[in-house]
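The values are calculated or read from the model by the stated rules, or taken from the named source; none is laboratory data. Quick caveat: nothing in here was measured; it's all calculated off a predicted structure. Neighbour counts are summed over all protein chains in view; Cβ atoms, including those assigned to glycine, are modelled from backbone coordinates with ideal geometry.
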Amino acid sequence: MVNGAAESRQSKVERHLQPAHDQAPLGEKPGHLGDIGQRRVQFRHFDHERRRLTIFTKGSKVRTVPIVEAAFWHDLGRHIVEWGANPDDYLLCRRDLRPNRHKPGEKFITEYRDQPMGVHGLHKWWYRCLQRAGIVAEGVTSGRKMHMARHTAGQSVLDSTGNLKAVQKLLGHSSIATTGDIYTDWDIDQLEAMMRFVVGADDGDDL
């Protein structure tokens, strides 16, 4: 259990989990992990050498996902040192906000690093991330569920690569049919652009 001022650091590592400005929530950034996966992440689940993360999802499934951003691993290493994190500490731990009896108007955060952040705490954390990213206005706490990040992450990979198998692996679906039917949706313009790429046609050419 660790105490600290309420306005104390929001770790750079946590900022990697929030979406970029003017984007729909892109949770992996790790939101493709989903709320269950993020809550259960402990520091021992990070493989710094191979730059991978082991996560535990619904149905007690265990998955390993790559995190390729060098900046993430740099900030994670610094965070571990500055925070004095132990392997069994949770990255997103339980936090209680309490008033400072000695300084009226000031509050303290009590961190329970050996306990995962609760569902309500994660909900509040998620919307603070969305507010900082400029996706929702201050005070908004609904309409942008974290699960939407899975669809955004899958759609972004599909749009960039056209590789449905990669999307399946990213989202952890056992069946590629689930990936194709539920989490991906190409419109006619995207299909036309892909066909032009396949046949090597310029935008001004007739197919």
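Tell me which of these Leu97 doesn't satisfy, since it passes every other one: (1) closer than 30 Å to Asp181 by Cα; (2) in contact (Cβ under 8 Å) with a residue 60 or more places away in the chain; (3) exposed (fewer than 12 other Cβ atoms within 10 Å of the Cβ).
Unmet for Leu97, out of (1) closer than 30 Å to Asp181 by Cα; (2) in contact (Cβ under 8 Å) with a residue 60 or more places away in the chain; (3) exposed (fewer than 12 other Cβ atoms within 10 Å of the Cβ): (1).
Would you check if Val119 is free of Cβ contacts under 8 Å to residues at least 40 places away in the same chain and either outside the structural domain of Val167 (by TED's automatic domain parsing) or within 30 Å of Leu170 (Cβ to Cβ) (or both)?
no
Just one of (1) of a type in the set (S, T, N, Q); (2) in contact with a strand residue (DSSP E or B) (Cβ under 6 Å, 6 or more places away or on another chain); (3) modelled with pLDDT of 90 or more trips up Asn86, so point out which.
(2)
Evaluate the stretch 60-68: report whether one residue or more is modelled with pLDDT under 90, part of a helix (DSSP H, G or I) and either of a type in the set (Ser, Thr, Tyr) or on the phi < 0 side of the Ramachandran plot (or both).
yes
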